[in-house]
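Q: Sharing a structure, written as structure tokens. Questions coming.
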Amino acid sequence: MRTPSGLSAMVRVWDPFVRIFHWALAASFAVAWASSENSERVHDVAGYAAGGLVALRIVWGFVGSRYARFRQFVRSPGTVIDYLRAIGNGSERRYIGHNPAGGAMILVLLAAMAATAASGSLLTTDAFWGSEAMQRVHSLLAWGVVVLVAAHLGGVALASLRHRENLVRAMVFGVKRPAGPGDVA
Ligand code: HEM
Ligand code: HEM
């Protein structure tokens with residue numbers, strides 16, 4: 001599809017809520033991580049912000065715009081495995097929304113962020129105040145998120161290279177090149 005200016009018309013994919021949510025979540029994680037050793041107040045605010053953002057995103061997954069909905073991007077384990085196999089032989093299709101592996105990663109990231117924030121808030125309760133076991137759980141979960149984010153960035157880089165599109169830019173501006181033949185709209 002060509003516009004009079006010769007530029008390909010772009011399609012809107014990520015609504016403003018998804019974009020603001022995404023970068024706010026990444027920022028709150030970075031701030032919670034960076035402040036964990038030195039500023040309890042900053043750490044707690046950033047941690048609760050992360051937890052609140054995840055809660056809002058879950059609601060948005062049911063009522064948000066088309067590509068924000070879980071129904072649109074959460075696929076069966078079989079579909080995720082088939083997609084990963086297709087990556088292995090270089091035949092995976094381009095998705096306008098989240099691809100099946102990305103969709104699964106999003107669920108895991110949201111759950112891990114929620115569990116990290118929840119275990120952190122438990123550390124402030126009478127029951128778990130000073131509990132070394134809960135501190136260990138909290139720390140392990142936070143490290144788990146770091147590992148998941150590394151995999152997330154790897155997936156984003158891989159999909160961007162394979163389909164020759166800048167997915168980070170799409171998460172900033174919300175638009176992508178329209179679906180071509182063989183793409184999943
Ligand atoms: C703590 C750090 C991060 C977390 C927890 C995180 C989490 C997420 C989540 C939950 C989504 C799904 C968005 C939605 O539909 O709501 C997502 C998508 C995405 N993230 Fe991140 N993210 C992080 C860091 C980053 C960074 C640093 C970048 C890039 C430099 C990035 C690039 C992207 C892109 C491009 C997508 C869309 C993927 C697609 O096209 O399907 N993320 N991320
Ligand atoms: C995504 C959100 C969060 C992340 C990434 C995060 C990360 C971390 C990390 C990396 C540590 C250091 C662990 C260690 O040194 O063993 C820590 C400690 C701690 N966090 Fe969080 N945290 C988050 C949310 C919260 C929340 C919401 C609270 C409570 C309001 C909280 C309370 C604490 C406390 C009390 C400690 C000190 C535990 C200790 O003495 O070892 N965190 N957090």
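Q: Rank the residues Thr116, Thr79, Thr124 as a footprinting-exposure proxy: fewest other Cβ atoms within 10 Å of their Cβ go first.
A: Values: Thr116 26, Thr79 14, Thr124 11.
Exposure proxy ranking, most exposed first: Thr124, Thr79, Thr116.
Q: Could you give the longest part of the chain that holds none of the GluC sites (Glu not before Pro) found in DSSP loops with at most 14 neighbouring Cβ atoms within 10 Å? All intermediate terms of the calculation are to be shown ahead of the outcome.
A: Numbers: sites that count: Glu37, Glu165.
Answer from the scan: 38-164.
Q: Under the definition of Cα pairs under 8 Å and six or more residues apart, what whole-number percent is the relative contact order of the range 91-185?
A: On the way: 56 pairs, mean separation 41.9, N = 95.
Relative contact order comes out at 44 percent.
Q: Still on this structure: Starting from the Kirkwood radius over alpha-carbon pairs of the range 11-176, derive D by Stokes-Einstein at 20 °C in a medium of 1.002 mPa s and give it in µm² s⁻¹. Mind dumping the intermediate values first?
A: Numbers: Rh = 17.0 Å.
Taking Rh from Cα pairs, D becomes 126 µm²/s.
Q: Sticking with this structure for a sec: Loop only per DSSP, at most 15 neighbouring Cβ atoms within 10 Å: give me the trypsin sites (Lys or Arg not before Pro) in the range 1-106, ordered by residue number.
A: Values: sites: Arg2, Arg12, Arg19, Arg41, Arg57, Arg66, Arg69, Arg71, Arg75, Arg85, Arg93, Arg94; in loops: Arg69, Arg75, Arg93, Arg94.
When the trypsin sites (Lys or Arg not before Pro) of the range 1-106 are filtered for loop state and at most 15 Cβ neighbours within 10 Å, Arg69, Arg93 remain.
Q: Right, here's the next one. Could you tell me how far the Cα centroid of the range 38-52 sits from the Cα centroid of the range 100-157, in Å?
A: 14
Q: Relative contact order for the range 1-104 using alpha-carbon pairs under 8 Å, separation at least 6, rounded to a whole percent?
A: Values: 77 pairs, mean separation 21.8, N = 104.
In percent, rounded to a whole number, it is 21.
Q: From Cα pairs below 8 angstrom and at least 6 apart in sequence, can you work out the relative contact order of the range 11-176, rounded to a whole percent?
A: Values: 145 pairs, mean separation 46.1, N = 166.
Answer for the range 11-176 is 28 percent.
Q: With charges set only on the Cβ (+1 for Lys and Arg, -1 for Asp and Glu), what does the dipole of the range 112-185 come to about its Cα centre, in debye to the nearest 20? Before the final figure, lay out the partial values.
A: Values: 6 positive and 4 negative charges, 96 e Å.
My answer is approximately 460 debye.
Laboratory data are not the source of any read-out in this text; all were calculated from the coordinates shown. Computed from a predicted model, the values in this text were never measured in an experiment. Glycine gets a Cβ as well: all are built from the backbone with ideal geometry, and neighbour counts include every protein chain shown.
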